[in-house]
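Trainee: I'd like to ask you about the structure that follows.
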Amino acid sequence: MARLSAESEELARTIIPRYPRSRSALIPLLHVAQEQDGWVSPEAIAHIAELLDLTPVEVLGTCSFYGMFKLHPVGRYVVGVCTNISCLLLGGEELLAHCEARLGIKAGATTDDGMFTLEDVECIAACTDAPCLQVNYRYFLNLTHEQADALFDDLRAGRRGDEVPEHGTLTRVRQRIASERWSGHGAEGLPVPPGQVR
Amino acid sequence: MAVSNAAPIISTRFAADDGHTLAGYEASRGYTALRKALGMGPDAVLEEVKAANLQGRGGAGFPAGAKWGFLPKDVFPRYFVVNGDESEPGTCKDRPLMEHDPHQLLEGLLISCFAVRAAQAFVYVRGEMALAQERLATALNEAYAAGYVGRDIMGSGWSIDVVLHWGAGAYIVGEETALIESLEGQRGMPRLKPPYFPAAKGLYLQPTVVNNVETLSNIPWIVLQGGAAFAALGTEKAAGTRLFALSGHVRRPGVYEVEMGTTTFRDLVEAPVYGGGIRHGNGLKAFIPGGASAPWLYPEQLDLALDASVVGPAGSMLGSGAVIVMDDTTCAVRAAWRLVKFFAHESCGKCTPCREGGAWLEKILRRIIDGHGREEDIELLLDVGDNISPGPFPHPPLDGQPGVPFPFKQTTICPLGPSTVSPIHSSILRFRDEYLIHIKEGGCRHD
C-alpha cells in the first residue's frame, strides 16, 4: 500500500487551508486516504502526518478512535446491518443472521474473495424504515431477506456500481470553493467587526 | 383526538423531487429570508430568534437565542458549527433535513452566522450519511456560485465561508464539546466542564455556537414570519413545530412534523395520519419518548403532551424527538440489553464509571439473557448503575407511580454514562418479573 498519490495529495492541499488550524483537516485527510485505498495504511498515516506537521502516532491516535476508519484491508463492499433498538424490534437481528448465512461469514469477517465485509452496526438513523442496512454507507431500507439476497447477488455481479461506489468513497461530490469567492475571514482568524454591512 | 392543523415549517420540501436543488429552493421563497436578515442587521435578527423561543432540537432543548446570548461581548473571532452528527438510536429527523432540504439548513446557518457575527462556519455531518454529504456539498457549491455564501454575500459587503466536514463513526461526537474536539482533529472526547457552553470557549478556545440541524432549519421561517408567529405555535413553554421520528411497533412508522405542546404521545402513536396505532392490534408495553438515553414511559403516560416541560417532571425527556414504541410482545430484558450494549460500545473511555460500568452492565445483562443469570444480578445492575448515575432508585413516587431517577445525576463528564443506566432502571422498575423468569427458568416468555 501506498502513500497518498499525487492526485490525493493535491486534494489534501485544497482541504487544509479551509481550516484556521491545519490539524482540523486530519479526519478529512484520513477519508481521502481511505477513499484511495479502501483502508488507511501506515504509509498513508505517515504521509498525512508530514502534510499536517504531526507525528504518525498523533494521526493514528485520532484515526483509531473512529469506527469507520479501517486499519486493515476490508471487502470491496462493507455491509452494516443495524441491530439497535428500532431495528431489533422489527427483525434486525434476524436480518443480520440471514446475511451471515447468505455470505457464509460471521459479523466482523470478510469473505474469502474479498467482496464483502459484514458488520453488526449501531443505529444508522433510518429507524422509521427498519430493518435496514448500509452498503458502503448507502442505505437499503425496509429490507426483506429476499431483497438482501438480490442485493448481494447484484453487487457480486457488478450491477449496482452506480448506486454503491467501492469502500472508502463517501460523498461523490466535492466541495469546491473558487478563490475569488473565498472570504478567508476564519482562516485568517480575523475578527468580524460589528455592523460591517454596508 | 387533537391532531394539529398547523402548517409544517421545516418539512415542506420533503416530498418534492427538486427540493434539494437551488432552483427548487429558490422557487419556494428560498434565500429571501437571508436577504431580509441582511437588511435587518444582526441585532434585529437576534431579537427575532429570542422572541421565537426556539428550543434547541438536538436533545438538551436549550433555547437557541439564549445560547447565542452567552457569547462574550467583543471576543472575536467567533465560530459557528452545525451539529449534523445525528446518531441517538431512534432518531432520524436531521438526515431527511440534510438530504431533502440542504439549502434551508444553509440559509438558516447563514442567517445565524450573521446574527452572532461569526467568522467562519463548519457543517459537521455524520460520517455514515453519504447522501447527506453529497446533497450538502452540491448545495454549498451552488450557493457559493450564486453568491449566497463566501465573499460579499448578495452584494451586502458581509462575508462568511462555510466548510463541509464529516465525521468517521462515533456517537459521542454528538456531544458538543466532543464535536469540537473532533473538528480540531482530535479523538472525540467531551471536554471537562466548566465552561458549560462552547459559547465561552469552543473551537480553538474561541467563542463558538454549536446548533443542531433541525434548530437551524427553523431560522428562515422565523425571519420571514417573525419570532412572534413562531412563538404563537404550540404552547408557551414549547413553541413551534417539531419533527418526531416514530419507530418500532406502530402501523405507520415515520418522521412527522407536529405542533409542540398541543399534540400528545397518544395522538402520535394512534392518529391515522401519524402512527395509526400499535401493529396487529397488540397492546402497548412501553415507549421511549426521546431517544435511547431517555427513561421509558408506560401506557398510562400516553396522554402527556409533546412538551419538554411536561415530559421532564414525568420522569423522562423529550430529548432528540425519537419516539420508540414497544408492544407487548417485546422482551424488556432484551430491549434493555441492546440499549446498554450501544452505550457500552460508544463510551469514549474518558471517565471510569462509564467506561468500566457500561461494559460490566452489558456483560451482566448478556448472561441473564443467555440463561446464566443469578438472582442477585438485579441488585448488582442497580448498584453498578448507582455508581454511574447516583440514585435513589426508584425515584420518590410521582403522582402515585414510582419513577426512575431523573433528571440524571452523574459521576461522569457527559450524560452518556447515565444514559447507560436509564434502560436498566426503566426495565427493572416495571418488568422485574421478566428478569426473574430469565434468571429462574433460563428462558424468555417472549421467545
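The values are calculated or read from the model by the stated rules, or taken from the named source; none is laboratory data. These figures come from a predicted structure and were not determined experimentally. When we count neighbours, we look across all protein chains shown, and the Cβ atoms used for this are built from the backbone with ideal geometry, even at glycine. Areas reflect the complete protein model, heavy atoms only, side chains present, ligands, DNA and RNA absent. Shrake-Rupley method; radii C 1.70, N 1.55, O 1.52, S 1.80 Å.
Trainee: Taking a ≥ b ≥ c as the square roots of the eigenvalues of the Cα gyration tensor of chain B, is the shape rounded (a/c under 1.5), prolate (a/b larger than b/c) or oblate?
Mentor: Cα axes put chain B in the prolate bin.
Trainee: Moving on to the next point. Let me test this: with uniform point scatterers at the alpha carbons of the protein assembly as shown, what is the Debye-based log₁₀ I(q)/I(0) at q = 0.06 1/Å?
Mentor: Reported log10 I(q)/I(0), two decimals: -0.31.
Trainee: In nm, to one decimal, how far is the modelled label at A:Glu163 from the one at B:Arg252, with both set 7 Å along Cα→Cβ?
Mentor: Those two pseudo-labels are separated by 2.7 nm.
Trainee: Measure off 7 Å from each Cα along the Cα-to-Cβ vector at B:Ala15 and B:Phe62, then give the distance between these two points in nanometres to one decimal.
Mentor: Label at B:Ala15, label at B:Phe62, 3.7 nm between them.
Trainee: Counting only DSSP beta bridges with both residues in the stretch B:241-327, tell me the antiparallel percent, nearest 5.
Mentor: Of all bridge pairs located within the stretch B:241-327, approximately 75 percent are antiparallel.
Trainee: If you don't mind, another one. Hey, can you grab everything whose amide H is under 5 Å from the amide H of B:Tyr79? Only 5+ residues off in sequence or another chain; H modelled, so Pro and N-termini drop out.
Mentor: Hits under the 5 Å cutoff: B:Ala119, B:Thr208, B:Val209.
Trainee: Sticking with this structure for a sec: Quick one: grab Rg to one decimal and Dmax as a whole number for the stretch B:101-172, Cα atoms only, in Å.
Mentor: That works out to 12.7, 40 Å for Rg and Dmax.
Trainee: Leaving out ligands, DNA and RNA but keeping every protein chain, what accessible area does B:Asp307 have, in Å² rounded to the nearest 10, with a 1.4 Å probe?
Mentor: 10 Å²
Trainee: So for chain B: antiparallel DSSP bridges make up what percent, rounded to the nearest 5?
Mentor: 45 percent
Trainee: Still on this model: On a straight-distance basis, which lysines could pair with B:Lys350 in a cross-link, Cα separation under 25 angstrom, same-chain partners fewer than 8 positions away excluded?
Mentor: The reachable lysines, counting only those whose Cα sits under 25 Å from B:Lys350, are A:Lys70, B:Lys193, B:Lys201, B:Lys341, B:Lys363, B:Lys409.
Trainee: Now for a different question. Label 7 Å along Cα→Cβ of A:Asp53; the stretch A:1-19 residues with amide nitrogen under 17 Å?
Mentor: So the set is A:13-19.
Trainee: Rank B:Arg57, B:Arg366 by accessible area, highest first, at a 1.4 Å probe radius?
Mentor: Putting B:Arg57, B:Arg366 in descending order of accessible area: B:Arg366, B:Arg57.
Trainee: Say R0 is 45 Å: what FRET efficiency, to the nearest 0.05, do B:Glu300 and A:Ala6 get from their beta-carbon distance?
Mentor: Efficiency at R0 = 45 Å is approximately 0.10.
Trainee: For the stretch B:211-220, take each phi angle, set θ = phi - 60°, evaluate the Karplus expression 6.51 cos²θ - 1.76 cosθ + 1.60, and give the result in whole Hz per residue in order, putting x for glycine and proline.
Mentor: 10, 6, 4, 5, 4, 5, 5, 7, 5, x
Trainee: Most mobile of A:Leu26, A:Leu88, A:Leu118 per a Gaussian network model of chain A (Cα springs, under 10 Å)?
Mentor: Maximum fluctuation in the GNM of chain A, among the listed residues, is at A:Leu88.
Trainee: Determine by what factor the alpha-carbon radius of gyration of the stretch A:58-140 differs from 2.2 N^0.38 Å, reporting the quotient.
Mentor: That works out to 1.13 for the stretch A:58-140.
Trainee: Using a basic spin-label model with each label point 7 Å from the Cα along Cα→Cβ, how many nm lie between A:Ala97 and B:Ala228?
Mentor: My value for the distance between the label points is 6.1 nm.
Trainee: Could you work out the equivalent-ellipsoid semi-axes for the stretch A:1-73, taking the square root of 5 times each eigenvalue of the Cα gyration tensor, largest first, in whole Å?
Mentor: Working: eigenvalues 56, 38, 23 Å².
After diagonalising the Cα gyration tensor, the semi-axes are 17, 14, 11 Å.
Trainee: Looking at chain A, send over the antiparallel percent of its DSSP beta bridges, to the nearest 5.
Mentor: Roughly 55 percent of the beta bridges in chain A run antiparallel, per DSSP.
Trainee: According to the square roots a ≥ b ≥ c of the eigenvalues of the Cα gyration tensor, what is the shape class of the stretch B:332-441, taking rounded for a/c under 1.5, prolate for a/b larger than b/c otherwise, and oblate for the remainder?
Mentor: oblate
Trainee: When the Cα centres of the stretch B:45-102 and the stretch A:40-83 are compared, how far apart do they sit, in Å?
Mentor: With the stretch B:45-102 and the stretch A:40-83 each reduced to a Cα centre, they are spaced 30 Å.
Trainee: Can you give the accessible area of A:Ser5, probe radius 1.4 Å, in Å² rounded to 10?
Mentor: Roll a 1.4 Å probe over it and A:Ser5 shows about 50 Å².
Trainee: Between chains A and B, what is the buried accessible area in Å², counting both sides, with a 1.4 Å probe and ligands, DNA and RNA left out, to the nearest 100?
Mentor: Summed over both sides, the interface buries about 6000 Å².
Trainee: Collect residues whose amide H, placed 1.01 Å from N in the peptide plane, falls under 5 Å from the amide H of B:Gly248; neighbours closer than 5 in sequence don't count.
Mentor: The answer is B:Val325.
Trainee: Can you give me the long-range amide H partners of B:Trp166? Hydrogens built in the peptide plane at 1.01 Å from N, cutoff under 5 Å, separation of 5 or more residues or another chain.
Mentor: Distant-sequence amide H within range of B:Trp166: B:Val125.
Trainee: Calculate for chain B the 222 nm mean residue ellipticity that helices alone would give, adding -39,500 (n - 2.57) per DSSP H run of length 4 or more and normalising by residue count, nearest 500 deg cm²/dmol.
Mentor: Calculated at 222 nm, the ellipticity per residue is -12000 deg cm²/dmol.
Trainee: What aspartates and glutamates sit close enough to B:Lys237 to cross-link, taking a C-alpha to C-alpha distance under 13 Å and skipping anything fewer than 8 places away on the same chain?
Mentor: Partners found: B:Glu259, B:Asp307.
Trainee: How large is ³J(HN,Hα), in whole Hz, for each residue of the stretch A:140-156 in order, when computed from phi with the Karplus curve 6.51 cos²θ - 1.76 cosθ + 1.60 and θ = phi - 60°, using x for Gly and Pro?
Mentor: So the Karplus estimates, Gly and Pro as x, are 10, 10, 6, 8, 8, 5, 5, 5, 5, 4, 5, 4, 5, 4, 4, 5, 4 Hz.
Trainee: What value in Å³ per residue do you get for the convex hull of the alpha-carbon atoms in the stretch B:1-54? Before the final figure, lay out each step's value.
Mentor: Details: hull volume 6.1 nm³, N = 54.
With only Cα atoms used, the stretch B:1-54 gives 112 Å³ per residue.
Trainee: While we're here: For chain A, what class follows from the C-alpha gyration tensor (a ≥ b ≥ c being the square roots of its eigenvalues): rounded when a/c is under 1.5, otherwise prolate if a/b is larger than b/c, else oblate? Walk me through the numbers before you get to the answer.
Mentor: Working: a/c = 2.35, a/b = 1.73, b/c = 1.36.
Prolate.
Trainee: Students often forget the sequence filter, so: which aspartates and glutamates lie under 16 Å Cα-Cα from B:Lys36 once same-chain residues fewer than 8 apart are removed?
Mentor: Partners found: B:Glu26, B:Glu47, B:Glu48, B:Glu107, B:Asp152.
Trainee: If you don't mind, there's one more thing I want to ask. Any chance you could look up the accessible area of B:Arg445 with a 1.4 Å probe, heavy atoms only, rounded to 10 Å²?
Mentor: Approximately 130 Å² for this residue.
Trainee: If r is the Cβ-Cβ distance from B:Asp43 to A:Ala178 and R0 is 41 Å, what FRET efficiency results, to the nearest 0.05?
Mentor: Efficiency computed from Cβ-Cβ geometry: 0.85.
Trainee: Along the stretch B:125-134, what does the Karplus equation 6.51 cos²θ - 1.76 cosθ + 1.60 (θ = phi - 60°) give for ³J(HN,Hα), rounded to whole Hz, x for Gly and Pro?
Mentor: 9, 4, x, 6, 9, 5, 5, 4, 5, 5
Trainee: Let me ask another. For the stretch B:241-327, just run the numbers: alpha carbon Rg, then divide by 2.2 N^0.38 Å, N being how many residues it has.
Mentor: Details: Rg = 11.2 Å, N = 87, 2.2 N^0.38 = 12.0 Å.
The value comes to 0.94.
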